[in-house]
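The values are calculated or read from the model by the stated rules, or taken from the named source; none is laboratory data. This is a predicted model, so every value here is computed, not measured. All Cβ positions, even for glycine, are placed from backbone atoms using ideal geometry, and neighbour counts span all protein chains on display. Only protein heavy atoms, including side chains, enter the accessible area calculation; ligands, DNA and RNA are left aside. Shrake-Rupley method; radii C 1.70, N 1.55, O 1.52, S 1.80 Å.
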Amino acid sequence: MSRHEILMQRPVWRENMEFSAMSEEKSNSRQPMRGAVASLFRPGQIVAAPQMTLDLVKSREIFTAPLTPLRVNPVKVWESLGAVQLSTERLVGNNLFPLPSAQPAALAIDQLRTQLLHGFATKGWKRLAVTSPGHGCGKSFVATNLALSLARRAGSRTVLLDLDLRRPQLAAMLGLVDAPDFVDFLTGDQPLESTFNRVGRTLALGLNGAAVEMAAETLHSPDTSIALAAMAEQLDPEVIIYDMPPALGTDDVLAITPSADAVLLVIDGTKTSPDDLRACERLFEGRIPLMGVVLNRAQDRAAQRRGYGKG
């Protein structure tokens, strides 16, 4: 098992996250909510009928006052998601950090979390696309650990999406089985509550169980933009993390830029070349802000000397 060391080059939690010894059990405690005229994701209040007149010529009712829009209730939406538990042992075995850790890589992830929150708060952003120049740089490792770190904050809401439609792997990394076909949500064929799950009260997962044949075309589709915008409105998270495919070689990352605020680039200290890094910078320039570059698998002995904590 390889050891990951991460360096940033640029720029009460137990009650919120749920972990267990085994991870494949899903809660079947969803109960549909019913209301007179309010949908599942609206506050359960009856809306008074507006005043109207009758158009005798066209045989239709005409409203004399505008309808009051019904506001989305993110708390109700969040509760409608199927709850899952993650196996701490399996996560650790996959080089993930579900719990606070003194390991240099875990501490670097927590520092990245704080930098991200400060940067997003300044800009008013919430959607981060995580990618890499090529395959095997550790982008999914960074995206998942960043989501777990963000979700350890009490009272927060973080969403992690597997948008690497060509090679989805987040479900396997998290030790979950029977992941849905996420493309059904992106195309509008399935609603949010049938596709997403939540871990405790602070982390929502949009996982994918099957590769998509026309991945770039799916991400280019207006339906995908609509679905992602609706998800952001209904769940109202502080941060949304997209685990994207590699940036070079396909146009998948460029296709998602209208639905992202910034991109985080993960490079491999053992194989990413300066030319690869410059190619990614040119690709993003003028299209989406590059928030930072994470150097994965770095050899930094000084980081170990700077460790602070118990033991």
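Electrostatic bookkeeping for residue 211 treats Lys and Arg as +1 and Asp and Glu as -1; over the other residues with beta carbon under 13 Å from its beta carbon, the sum is -3. Taken per residue, the accessible surface of region 72-133 reaches 42 Å², heavy atoms only and a 1.4 Å probe.
Can you send over the carbon and sulfur percentage of the accessible area for region 58-196, probe radius 1.4 Å, protein chains only?
51 percent
The heavy atoms of residue 189 present about 110 square angstrom of accessible area, all protein chains included, probe 1.4 Å.
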